[in-house]
Each structure stands twice: as structure tokens, then as C-alpha cells.
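Participant: I am attaching a structure below and will ask some questions about it afterwards.
No value in this document is a laboratory result; all are computed from the given coordinates. Keep in mind the model is a prediction, meaning the values are calculated, not measured. Positions of Cβ are backbone-derived with ideal geometry, glycine not excepted, and every protein chain shown enters the neighbour counts.
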Amino acid sequence: MRVNVRTEQPMTSPESVVEDAIAEKFEHVERLLDMVYGPRVLRANGDPIAELIGTILSQNTSDTNTARSLASLRAAFPAWEDVMEADTGDVVDAIRSGGLANRKAPRIQAVIREVIARRGDTDLTFLREMPIDEAKAWLTSMHGIGPKTAACVLLFSLGRPAMPVDTHVHRVSRRLGLVPPKTSPERTQLALEALLGDDPDRTYAVHVEMISHGRQVCRALRPQCDSCPLREHCDYFHHLHPAP
């Protein structure tokens, strides 16, 4: 006598289905971004304190102005300790080309002062060996240092898989549907890092390619949806152009 044994299959939760769909979408998006804007190669600069100061200088200005103001600061003050000890007005003068110098100069001095108070010097390369969550926490525990700045330091200077989420990355991620529409930049960073895994080269490539896409195509105003290479995978495009 044959006995039919019914094998129960594990149920798939709705959440896991959504996660799988987003992961599949992300694979397509990543490939297309690299085809259009890549390849992008990560070359970590190995100087986390300079990256930290440079990220502060980069706020609300262009990359060109950031580089110019950082070079001017280094020329005026040979050591970071000299920046900390200088008259704030002299630091303002040194970084004026980057804009918002009156706001950025005291912030830079305070950050250098806090690093030295904690570590005894300005060497932040110890962050390379820390578990990445601890490295992020160490940086963001400093006054005025948020997740984006911490991610910039870890990725660009130390080659660690931390995803900086600027306004372009945030906008592109939400429009594509990689995260829900009202997701904060901080939660967007966590979501993208989960999709990217522990590969800093992938993290860097997606970061800079999303920025290029946000500047050139997926603009805040008048996005170029009809010519967008990602439109097939974009929630925003399908919302504007629903299927008949």
C-alpha cells in the first residue's frame, strides 16, 4: 500500500518577496549605471583626516571649489595642529574660495581639536582596522559629523564599503523604488549598503555613477525620463507613464 506523503514547502513572507524584487531591480540598475557612466575605479587616498576636512569644505559648493579651498588651507597651515591653533579669521581667509567660510572655519577647528583630544594626534588610519559599524559610530559621535561625512571618510580615504548618500543618490534611489518615497538619507544609506555588501569597489562605482545620473538625467527639476537608461526599472517613470 502506497502512502502519499505531502511535503510542506516553507512559506515565503511578503517582506522577503519585496526584498528579492528590489535586489533583482538593483542588479539591473547597477549594470546599466556602469554601462552608461562607468567604469569607475576606487583609489582610496589613505588620508582620512584630510578627507574629513575636505568633506566639511565640500558642503554647498562644487568639487572645484572644494579642491581649491583645501589646497589653500594646506598651503597656509603646514600641519593640522596649525589650523586648530590659528586665529579663526585666518582660517576663514584660507578657505574663502569654498564658500560659507565663516561657518566652516570654526567647524574645522573644532573637529581637529576633538580628534586630537581623543587620539592625541590627527591620525585616523586606525579606522581601517575597526569593524565598520564601530568606525562609523566613532566618526558620527563627533559633533557635527553625520552618516554621509563618515561614509565619505571611510570610502574615499580608507577604501571601506560605506555608501555616502548625497542629494543625488537619495533622489535617484527613491525615484527608482530602491527605497520607499519618504525614506531618510540615513536609512537609504543602510538600504544601499545592504544591497551592495562588503565590496568597496561596487560601493564606490554605484555612488559616483548615481551622482552622475542625478546631475545629468534624474534632475530634481525636469528629469529627463524619456531618455533615461533606467526608465524600465524606475517607479517614478512608470507612475508618470502607466501601462495602458
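Participant: Work out, step by step, the length gained on full extension between Ala76 and Arg119: first 0.36 nm times the residue separation, then minus their alpha carbon distance; give nm to one decimal.
Facilitator: 13.1 nm
Participant: Modelled label-to-label distance, Asp34 and Asp201, 7 Å Cα→beta-carbon offset: nm?
Facilitator: 0.9
Participant: With a Förster radius of 30 Å, plug the Cβ-Cβ distance of Asn60 and Phe126 into 1/(1 + (r/R0)^6) and report the FRET value to the nearest 0.05.
Facilitator: Step by step, r from the Cβ atoms, then E = 0.50.
Participant: Compute the long axis of helix 48-58 from its Cα atoms, compare it with the longest principal axis of the Cα atoms of the chain, and write down the angle in degrees, 0 to 90, nearest 10.
Facilitator: In the chain, helix 48-58 runs at an angle near 90 degrees to the longest axis.
Participant: According to a simple spin-label model (label point 7 Å from Cα along Cα-to-Cβ), what is the distance in nm between Asn102 and Glu186?
Facilitator: 3.0
Participant: Can you work out the PRE-style zone for Ala137? Point 7 Å along Cα to Cβ, and I want the residues of the stretch 190-209 with backbone N under 18 Å.
Facilitator: 190, by backbone N distance to the label point.
Participant: Just to confirm a number: summing +1 for Lys and Arg and -1 for Asp and Glu over residues other than Ala162 whose beta-carbon lies under 14 angstrom from that of Ala162, what do you get?
Facilitator: For residues surrounding Ala162, the net value is -4.
Participant: Sticking with this structure for a sec: Among Thr167, Thr188, which comes first, then next, by fewest other beta-carbon atoms within 10 Å?
Facilitator: Thr167, Thr188
Participant: At a 10 Å Cβ-Cβ cut-off, how would you order Asp20, Asp47, fewest neighbours first?
Facilitator: So the residues, fewest neighbours to most, are Asp20, Asp47.
Participant: At a threshold of 8 angstrom on Cα-Cα distance, excluding pairs fewer than six apart, so keeping six or more, what relative contact order does the chain reach in percent?
Facilitator: The normalised contact order for the chain reaches 24 percent.
Participant: Helix 200-216 versus the longest principal axis of the chain: what angle, 0 to 90°, nearest 10, using Cα atoms?
Facilitator: 90
Participant: Please compute P(r) over all alpha-carbon pairs of the stretch 163-238, binned at 5 Å starting from zero, and give each bin as a whole-number percent.
Facilitator: 3, 17, 28, 27, 17, 6, 1
Participant: How far apart, in nm, are two points set 7 Å out from the Cα along the Cα-to-Cβ line at Ser227 and at Glu19?
Facilitator: For Ser227 paired with Glu19, the spin-label model returns 3.9 nm.
Participant: Arrange the following residues from fewest to most other Cβ atoms within 10 Å of their Cβ: His207, His28, His143.
Facilitator: His143, His28, His207
Participant: Placing one identical point scatterer on every Cα of the stretch 54-151 and ignoring solvent, what is log10 I(q)/I(0) from the Debye formula at q = 0.21 Å⁻¹?
Facilitator: Taking Cα atoms of the stretch 54-151 as identical point scatterers yields -1.12.
Participant: When you count, for each residue, the other Cβ atoms within 10 Å and take the mean per peptide, how do 122-132, 210-220 rank with the highest first?
Facilitator: Top of the packing list down: 210-220, 122-132.
Participant: Could you tell me what fraction of 2.2 N^0.38 Å the Cα radius of gyration of the chain comes to, as a two-decimal ratio?
Facilitator: 1.23
Participant: Pick from Lys182, Lys104, Lys148 the residue whose mean-square fluctuation is largest in a GNM of the chain, springs joining Cα atoms under 10 Å.
Facilitator: Result: Lys182 has the largest fluctuation of those listed.
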